[in-house]
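The values are calculated or read from the model by the stated rules, or taken from the named source; none is laboratory data. Just so it is clear, the model here is predicted, and its values are computed rather than measured. Because the Cβ atoms are built from the backbone with ideal geometry, glycine has one as well, and the counts that use them run over all protein chains shown. Ligands, DNA and RNA are excluded from the accessible area calculation, which covers all protein heavy atoms including side chains. Shrake-Rupley method; radii C 1.70, N 1.55, O 1.52, S 1.80 Å.
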Amino acid sequence: MAAIFLFGTLLHAPLLRAVAGEDLAMVPAVLPDAAVAGVAGAPYPVLVAQKGGRAQGALIEVAGEALARLDFYEACFGYRRAPVEVERGGTLQQAEVWRPDPNAAGLPAQGSWSLADWARDWGDLAVIAAAEVMRQRAGGAGAAEVGARYWMIAARAQAEVSAGAWRRPALVGQSPARDKVDVIERHHPYSGFHTVEELVLRHRQFDGALSDPQRRSVFRAADAVTVLPYDPLRDRILVIEQLRMGPFVHGDAHPWLLEPVAGMIDAGEMPETAARRETVEEAGLELGALHLVARYYPSPGGLAQVLISYVALADLPDGVAGTGGHISEGEDILSHLVDWETARAMLERGDMANAPLVLSMQWLMLNRDRLRAGA
């Protein structure tokens, strides 16, 4: 049985339960000559040495599979157990704490950290992400492998939290709630950078009867944004071109598609922030005003993903197009400036074979005069 001192996100009982796989009693404890500090640019905390400090936390007693699960989870972030001496009920006790690898670069501490604030902003997301981390462990993935793609796991969790908070206006339709669906079985035959879920379910039909059990497979991806830059003064748009695996696997003779700028929404990131970040990364452009085209499911029958599309005002002089993208992510992107008449011809003749580009171009056709008048 190991005594572990917790000081950070695992003090959130739902997260501790999701990681350990069982309920663990937490007893208040203090780590002397230390403090809990925030980490610059990150939601989690770090322990720092502080003479006379008293880092508040809790002790847990854990062994067996629960300890192995906790060790795996912490190893995903490069943390290992190290010995400490803590105060519990006024007496000193030997324990352990998860710390970063001492050979790794130190985390930049910055200010204080609040468990309550973290739980409000990140708690639900972290619990969902932890469940997937544990599923990937059960599937044989290593901690380093899971840790390297945790950002995508967290982005998928962010998408699930966002979907749960969104409400369709329901101007038309009955819009039944999700509790009208009874999930009989749920399996995860593939969990990696993306995931696939297989479900057996029944649901209440519009005539009131319960459906027969149905087997469905769903591909899950993080939510994403798309951005079509438009210069109302020069009356031109910018599109990017890159190899896409969907058309390639589908057998398309021309798998390089013309598209708007697009990218995943990171965990904790607002869609508008993601739109501006991705446009800098892929096209080297700073954007002006963002105009929402739509929030939508691109293929709801089998793809669990929401796209949020924008048309953005931008300065698009001659010479602004070129190559871009993150080399570390395997992106090879070529951007193109397209005048308005050519853009219309592309849409009408099918050269725009990407749904967000079609939708964004149609929105722009409806709103072009207004945008140009206000430029």
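Key figures
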{"read-out": "The range 233-246: number of residues that are touching a residue at least 40 places away in the same chain (Cβ under 8 Å) and open to solvent by 10 Å² or more (accessible area, probe 1.4 Å)", "value": "7"}
{"read-out": "Selection within the range 200-224 - of a type outside the set (D, E, K, R), in contact with a Lys or Arg (Cβ under 9 Å, 6 or more places away or on another chain) and touching a residue at least 60 places away in the same chain (Cβ under 8 Å)", "value": "A221, A222"}
{"read-out": "Criterion violated by A353 - all others in (1) outside any loop (DSSP other than H, G, I, E, B); (2) among the hydrophobic types (A, V, I, L, M, F, W, C); (3) open to solvent by 50 Å² or more (accessible area, probe 1.4 Å) satisfied", "value": "(1)"}
{"read-out": "Candidate set: the range 302-342, residues that are hydrophobic (A, V, I, L, M, F, W, C) and part of a helix (DSSP H, G or I); chosen: the one surrounded by the most Cβ atoms within 10 Å (Cβ to Cβ)", "value": "W340"}
{"read-out": "Qualifying helices (runs of 4 or more DSSP H) (wholly inside the range 88-204; at least 1 residues being within 27 Å of I265 (Cβ to Cβ) and among the basic types (K, R))", "value": "124-138, 150-165"}
{"read-out": "So R216, is it at pLDDT 95 or above, of a type in the set (D, E, K, R), under 26 Å from the mean Cα position of the chain (by Cα) and surrounded by fewer than 16 Cβ atoms within 10 Å (Cβ to Cβ)", "value": "yes"}
{"read-out": "Positions within the range 316-347 being closer than 19 Å to W256 by Cα and of a type in the set (D, E, K, R), in sequence order", "value": "E329, E331, D332"}
{"read-out": "Condition broken by D315, with the remaining ones in (1) modelled with pLDDT under 95; (2) touching a Gly at 6+ places or on another chain (Cβ under 9 Å); (3) farther than 30 Å from V161 by Cα satisfied", "value": "(1)"}
{"read-out": "Residue that is most open to solvent (accessible area, probe 1.4 Å) [pool: residues in the range 279-298 that are in a loop (DSSP other than H, G, I, E, B) and within 18 Å of S162 (Cβ to Cβ)]", "value": "Y297"}
{"read-out": "Residues being at pLDDT below 95, open to solvent by less than 20 Å² (accessible area, probe 1.4 Å) and among the β-branched types (V, I, T) - total across the range 45-75", "value": "1"}
{"read-out": "Qualifying residue in the range 193-201 (condition: within 26 Å of D23 (Cα to Cα) and surrounded by 13 or more Cβ atoms within 10 Å (Cβ to Cβ))", "value": "no"}
{"read-out": "Flag for A345 being aliphatic (A, V, I, L, M) and either under 17 Å from A224 (Cβ atoms) or part of a helix (DSSP H, G or I) (or both)", "value": "yes"}
{"read-out": "Of all residues in the range 76-87 being in a strand (DSSP E or B) and in contact (Cβ under 8 Å) with a residue 60 or more places away in the chain, the one that is most open to solvent (accessible area, probe 1.4 Å)", "value": "R81"}
{"read-out": "Residue within the range 359-370 that is in contact with a Lys or Arg (Cβ under 8 Å, 6 or more places away or on another chain), modelled with pLDDT of 95 or more and assigned to a strand (DSSP E or B) present", "value": "no"}
{"read-out": "Residue selected from the range 240-278 under the condition small (G, A, S) and assigned to a helix (DSSP H, G or I), by the criterion nearest to the chain's Cα centre (by Cα)", "value": "A274"}
{"read-out": "Check on A163, at positive phi, among the hydrophobic types (A, V, I, L, M, F, W, C) and either surrounded by fewer than 16 Cβ atoms within 10 Å (Cβ to Cβ) or within 20 Å of the chain's Cα centre (by Cα) (or both)", "value": "no"}
{"read-out": "Residues within the range 146-180 that are modelled with pLDDT under 95, of a type in the set (A, V, I, L, M, F, W, C) and touching a strand residue (DSSP E or B) at 6+ places or on another chain (Cβ under 6 Å), tallied", "value": "0"}
